[in-house]
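The values are calculated or read from the model by the stated rules, or taken from the named source; none is laboratory data. Bear in mind that the values here come from a model prediction, so they are computed numbers and not experimental data. Cβ placement follows ideal geometry from the backbone for every residue including glycine, while neighbour counts extend to all protein chains displayed.
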2 protein chains.
Amino acid sequence: MESLTFKSAANSLYFHSPKHSSIKASRLQFFRSSSTAPYHSFLPERHASLSPSIGLKLHEICVNPIMAVQDASLASEPVAIVIDGKSIAKQIRNEIAVEVSRVKDALGIVPGLAVILVGSRPDSQTYVRNKKKACEAVGITSQEVHLPEDSSEEEVLTAVSRFNVDPTVHGILIQLPLPKHMNEEKIVNAVSIEKDVDGFNELNIGRLAMQGRAPLFVPCTPKGCIELLTRSGIKIEGKRAVVVGRSNIVGTPVALLLQRHNATVSIVHSRTNNPAEITREADIVIAAVGVANLVRGNWIKPGAVVIDVGINAVDDPTSQRGYRLVGDVCYEEACKIASAITPVPGGVGPMTIAMLLSNTLASAKRLHNFQ
Amino acid sequence: MESLTFKSAANSLYFHSPKHSSIKASRLQFFRSSSTAPYHSFLPERHASLSPSIGLKLHEICVNPIMAVQDASLASEPVAIVIDGKSIAKQIRNEIAVEVSRVKDALGIVPGLAVILVGSRPDSQTYVRNKKKACEAVGITSQEVHLPEDSSEEEVLTAVSRFNVDPTVHGILIQLPLPKHMNEEKIVNAVSIEKDVDGFNELNIGRLAMQGRAPLFVPCTPKGCIELLTRSGIKIEGKRAVVVGRSNIVGTPVALLLQRHNATVSIVHSRTNNPAEITREADIVIAAVGVANLVRGNWIKPGAVVIDVGINAVDDPTSQRGYRLVGDVCYEEACKIASAITPVPGGVGPMTIAMLLSNTLASAKRLHNFQ
């Protein structure tokens, strides 16, 4: 049988020594580089678990001229249409606000979201605050239970149970990550499937995977990726799609969702031998691996559409904050090759909260059998 | 954006007229040919629902010299190792028999399978008889409820409920297809997840899709495919795998399973524009679409491993029965290109029952916490 070898020139960019241009090297690049300078990958919308612990120098992987892509197919100027997630999310929020009013007028009920936050992580607190603000802006009520870091699993489960039976709550969200001493799977699965607006319940994922079955909720970020495509007039059916990353919260569900839209889907992951070559086959690339600038320009087929889910903080002394946010895709290179691309920030990010609002509204409508 | 065009020479074999060598033609071939002569695709192990209603002349698609593959890469003699499913299944059944004895000796309990058959389809009756025989041969007890065709859904659900609480029953199998007036999804989902030896429950499929989650049972035919590979010494990790077909009972779960084994997986389906080209990228091809001889020799990369799940009956006047069984893969062509291939019959077929026995045994061991 023909062995899988490391064919992609793209990958060799990470390594100076020819001895590294092997399958092993190809695999390694997903997790670490030869550099040890720190960078942090964080994913504002509860995607922290996506991110492996790695160290990369941003400049080494995307800007350093020694390592720069020397590909004749690269245009010198950006050619890609920028998919403006901020603007699309705003439009969706406006549509939701209108629909929330319609539900209120017709039924006298207001869709409600409950958020459970455990501990005092500043990022989690920010995300919860943003979600509550977003609810308020569209007329969805929100309530929060904030439990201390040292709460017991039972205390969290009690809060979940209370919201499960509360008729004013149509969606329940457990802000992740939970403290390490808790069984996240158990707590997330305790959320009533009818209120699982995150769509992370195993039953929902099973239905998403199966033909002829309808999940009650589609996970927010994957749903946001599809909305970005369809609202930008990009046809999915019949296209080849590559999803980079196979996390439970983005990679896997977005792949299942693309397939439901009749794309031909491949998933590239840390054990994939030739990720650049495979990604280059795609008409639609969705990068959701949590590694800054992993997807280089020459991973992209000319004219492909690129949806970048990653939000990674990299050291940047020129910035006031000392860091800046970049995606999983090397934007500077990809925008010269792709036909359309999402920026980071301002691409997928704003869509996640919009889809959370959309799921909460849908839940309230379903409960009251309202079209 | 570059459009997906119909690039594969392989597909044009189906069509004489150049006007058909289009995306449309490529899609059509999954469902019908220009011929109207009947052939029947049936899948002995409850895979009837895989099979689209189509008409093909066997000779036109795999033997007719006018349409024969003219590919320089084709060897004139078979080169593939034949993966002997019959022999591997026998070995597994022997191992199960030993283990059933060990459970009996240690715990005094006998693993038990219950089968629910509704109606009088001769094929279903044969499959149920074969399953009961296979149980008997390894020491697993079996019992059957046979309900008339015009039973109500409630009567079937009552039988399911009874087995759900019967401590001597460790596995419950609903023989599919059920009569048309019944909601198959509802009945299959009524089987207790702890006894769902078919693994078709949505919760099981969800767990199969998610990292870090363990399905209680892996669906039998997909599990059989993986066993054939691993017991033949074929490494899955890091390989490119293409699954042709996305049914709930084979295509989708086998793709999820290959990914759990760290293959890089793509699913080719009826809306895929260039199935031959994509399949040709694979080191491992699993064909589970229920279309006789769909996968031609030039869909296969030289040296690839081919697992053929399809069992299709095609007219054959030279056979006593008037038909013969062929797979979804054109065996005569593929065996000259692949490094290993399963025959039809005698490949995947015998593995399905073996895996049903394996799941029933595992269920009994799990219930009694026996290693």
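Table for the structure above
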quantity: Residue in the stretch B:160-176 that is surrounded by fewer than 24 Cβ atoms within 10 Å (Cβ to Cβ), within 22 Å of the chain's Cα centre (by Cα) and more than 14 Å from every other protein chain (Cβ to nearest Cβ) present; calculated: yes
quantity: Count - residues of the stretch A:127-175 that are free of Cβ contacts under 8 Å to residues at least 24 places away in the same chain and farther than 21 Å from A:Phe217 by Cα; calculated: 7
quantity: Complete set of residues in the stretch A:95-130 that are among the small types (Gly, Ala, Ser) and either under 23 Å from A:Val145 (Cβ atoms) or crowded, with 18+ Cβ neighbours inside 10 Å (or both); calculated: A:Gly112, A:Ala114, A:Gly119, A:Ser120, A:Ser124
quantity: Top-ranked residue in the stretch B:137-155 [being among the acidic types (Asp, Glu) and outside any helix (DSSP H, G or I); ranked as nearest to B:Ser101 (Cα to Cα)]; calculated: B:Glu144
quantity: Residue count for the stretch B:240-271, restricted to those that are in a strand (DSSP E or B) and in contact with an Asp or Glu (Cβ under 8 Å, 6 or more places away or on another chain); calculated: 5
quantity: Selected residue (only one of B:Val289, B:Val250, B:Val218, B:Val265 is touching a helix residue (DSSP H, G or I) at 6+ places or on another chain (Cβ under 6 Å) and touching a residue at least 40 places away in the same chain (Cβ under 8 Å)); calculated: B:Val250
quantity: Those residues of the stretch A:203-229 which are within 11 Å of chain B (Cβ to nearest Cβ), touching a Ser or Thr at 6+ places or on another chain (Cβ under 8 Å) and surrounded by 22 or more Cβ atoms within 10 Å (Cβ to Cβ), in sequence order; calculated: A:Ile205, A:Ala209, A:Met210
quantity: Of residues in the stretch A:194-229 being of a type in the set (S, T, N, Q) and outside any loop (DSSP other than H, G, I, E, B), the one modelled with the lowest pLDDT; calculated: A:Asn204
quantity: Search result, residues across the stretch B:86-109 that are of a type in the set (A, V, I, L, M, F, W, C) and touching a residue at least 60 places away in the same chain (Cβ under 8 Å); calculated: B:Ile88, B:Ala89, B:Ile92, B:Ile96, B:Val100, B:Val103, B:Ala106, B:Leu107, B:Ile109
quantity: Breaking point among (1) modelled with pLDDT under 95; (2) part of a helix (DSSP H, G or I); (3) exposed (fewer than 13 other Cβ atoms within 10 Å of the Cβ), for B:Gln70; calculated: (2)
quantity: Total residues in the stretch A:305-332, condition more than 19 Å from the chain's Cα centre (by Cα) and not basic (Lys, Arg); calculated: 9
quantity: A:Thr264 in contact with a His (Cβ under 8 Å, 6 or more places away or on another chain), in the same structural domain as A:Gly233 (by TED's automatic domain parsing) and not hydrophobic (A, V, I, L, M, F, W, C); calculated: yes
quantity: Pairs, first farther than 27 Å from B:Glu332 by Cα and at pLDDT 95 or above in the stretch B:343-360, second among the acidic types (Asp, Glu) and not in a helix (DSSP H, G or I), C-beta under 9 Å, six or more apart; calculated: B:Leu356/B:Glu45; B:Leu356/B:Asp198; B:Asn359/B:Asp196; B:Asn359/B:Asp198
quantity: The stretch B:177-202 residues that are within 12 Å of chain A (Cβ to nearest Cβ) and buried (at least 19 other Cβ atoms within 10 Å of the Cβ), paired with ones that are of a type in the set (Lys, Arg) and assigned to a helix (DSSP H, G or I) (beta carbon under 7 Å, 6 or more apart); calculated: B:Glu202/A:Arg207
quantity: Count - residues of the stretch B:132-144 that are touching a Lys or Arg at 6+ places or on another chain (Cβ under 9 Å), surrounded by 17 or more Cβ atoms within 10 Å (Cβ to Cβ) and not hydroxyl-bearing (Ser, Thr, Tyr); calculated: 3
quantity: Top-ranked residue in the stretch A:279-300 [being closer than 16 Å to B:Ile278 by Cα and crowded, with 22+ Cβ neighbours inside 10 Å; ranked as nearest to the other protein chains (Cβ to nearest Cβ)]; calculated: A:Asp283
quantity: Selected residue (criterion: farthest from A:Gln91 (Cα to Cα)) from residues of the stretch A:304-354 that are of a type in the set (S, T, N, Q) and away from every other protein chain (no Cβ under 14 Å); calculated: A:Thr318
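Table: residues versus (1) of a type in the set (Val, Ile, Thr); (2) crowded, with 19+ Cβ neighbours inside 10 Å; (3) more than 10 Å from chain B (Cβ to nearest Cβ).
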residue	(1), (2), (3)
A:Arg231	no, no, yes
A:Lys235	no, no, no
A:Arg246	no, yes, no
A:Leu256	no, yes, no
A:Val268	yes, yes, no
A:Thr272	yes, yes, no
A:Ala276	no, yes, yes
